[in-house]
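Have a look at the structure below before the remarks.
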Amino acid sequence: MNSKAKFTGKSSLYDRYRPGYPKRFFIELFTKYISGNDNFVIADIGAGTGIFTELIASIGTDIIAIEPNDEMRAILKERMEDFKQVTCLNGSAENSGVGDKSVDIVTVAQAFHWFDAVAFKKECQRILKKNGLVMLIWNSRDHSSNLNKETAKISKKYCPNFQGFSGGINIERLDLHQFFSNGYEHYAVSNPLKMDKEHFIGRNLSASYAPKKEDIFYDEFVDELGFLFEKYSKDQTILVPNDLHVYVGAII
């Protein structure tokens, strides 16, 4: 299955249960890079249903949100209706449809691991203005956590396509020096995710590898996640150890 189709049939789950991002942190971060630029343009590529797009839209700058999946883009457009400075396009990381030298920052939240990195880098070089930057963002579950280890074990048991969280990538081992031509800045922020039982199960069902309702192991998968929630929850909530990682650098 190609990356465009991975979340077909899961767009509503994705929109409802995927975690957000710390708003104050990103306002401060973008203020650092936007400062003094009155015509700042962001291209948010692989925007999905607009969870991150909505956060940065609150800053007020112009945004072009790119999403190739029709289901996801429909939710993205609906979410962005009140943000007149946001334009939503049907495009991909490798062929965005954005004009040449028109963007100050390219943002990618929770999607870079699905891209063809070489082709995406060329696309960034085409659409970025001089001194433009790329910002790669992940909510990354803490792999040392017993809760996350047991969640991975359940996923491996019932999900044939499970290779690890976020497509099996290990962010620390990504060769970002190949992607960023002149080094990059790395920001790491603890971002634990507090969830009730519905959101804990829904978050795991929203994964690209997770079974759908019609799949044979769906009920078993949901049941074991429910048992895991009961094991680790307190006062009907669970805290999932999670870190936010942001990488910012130039593409020359």
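The values are calculated or read from the model by the stated rules, or taken from the named source; none is laboratory data. Since we're looking at a predicted model, the values are computed, not measured. A quick note on method: Cβ atoms are made from the backbone with ideal geometry, for glycine too, and the neighbour counts reach across all protein chains shown. Note: areas computed on protein heavy atoms with side chains; ligands, DNA, RNA excluded. Shrake-Rupley method; radii C 1.70, N 1.55, O 1.52, S 1.80 Å.
Of all residues in the stretch 14-34, those satisfying the criterion of being open to solvent by less than 60 Å² (accessible area, probe 1.4 Å) and either part of a helix (DSSP H, G or I) or in contact with a Ser or Thr (Cβ under 7 Å, 6 or more places away or on another chain) (or both) are 14, 15, 17, 18, 25, 26, 29, 30, 33, 34. Scan the stretch 208-252 for residues that are open to solvent by less than 30 Å² (accessible area, probe 1.4 Å), over 30 Å from residue 176 (Cβ atoms) and in contact with a helix residue (DSSP H, G or I) (Cβ under 6 Å, 6 or more places away or on another chain) and the total you get is 6. Looking only at the stretch 113-155, residues that are among the acidic types (Asp, Glu) and farther than 15 Å from residue 96 by Cβ come to 2 in all. Looking at residue 37 and the list (1) surrounded by 18 or more Cβ atoms within 10 Å (Cβ to Cβ); (2) in a loop (DSSP other than H, G, I, E, B); (3) touching a residue at least 40 places away in the same chain (Cβ under 8 Å), which single condition is not satisfied? Residue 37 satisfies all of (1) surrounded by 18 or more Cβ atoms within 10 Å (Cβ to Cβ); (2) in a loop (DSSP other than H, G, I, E, B); (3) touching a residue at least 40 places away in the same chain (Cβ under 8 Å) except (1). Of the residues making up the stretch 57-84, those that are outside any loop (DSSP other than H, G, I, E, B) and touching a strand residue (DSSP E or B) at 6+ places or on another chain (Cβ under 6 Å) are 57, 62, 63, 64, 65, 66, 76, 77. Checking each residue in the stretch 48-66 for being without any contact (Cβ under 8 Å) to a residue 60 or more places away in the chain and either farther than 16 Å from residue 137 by Cα or of a type in the set (Gly, Ala, Ser) (or both) picks out 50, 57, 58, 59, 60, 61, 62, 63, 64, 65. Sub-6 Å Cβ pairs linking a first residue in the stretch 147-166 that is over 18 Å from residue 239 (Cβ atoms) and open to solvent by 30 Å² or more (accessible area, probe 1.4 Å) to a second residue that is of a type in the set (Phe, Trp, Tyr) and at pLDDT below 95, at least 6 apart or interchain, are 156/162; 161/209; 162/209, ordered by first then second residue. Pairs meeting the criteria (first residue in the stretch 88-101 and closer than 14 Å to residue 129 by Cβ, second residue surrounded by fewer than 18 Cβ atoms within 10 Å (Cβ to Cβ), beta carbons under 7 Å, at least 6 apart or on different chains) are 100/126; 101/129.
Among the residues of the stretch 177-207, those that are open to solvent by 30 Å² or more (accessible area, probe 1.4 Å), farther than 15 Å from residue 151 by Cβ and in a loop (DSSP other than H, G, I, E, B) comprise 182, 196.
Which one is surrounded by the fewest Cβ atoms within 10 Å (Cβ to Cβ) among residues in the stretch 51-72 that are closer than 22 Å to residue 117 by Cα and not aliphatic (A, V, I, L, M)? Applying the filter and picking the extreme gives 68.
Take the residues in the stretch 14-42 that are of a type in the set (A, V, I, L, M, F, W, C) and farther than 17 Å from residue 138 by Cα, then tell me which one is modelled with the lowest pLDDT.
Looking at residues that are of a type in the set (A, V, I, L, M, F, W, C) and farther than 17 Å from residue 138 by Cα, I get 34.
Please verify whether residue 215 is in a loop (DSSP other than H, G, I, E, B) and free of Cβ contacts under 8 Å to residues at least 24 places away in the same chain, treating the condition exactly as stated. Spelling it out, residue 215 is indeed in a loop (DSSP other than H, G, I, E, B) and free of Cβ contacts under 8 Å to residues at least 24 places away in the same chain.
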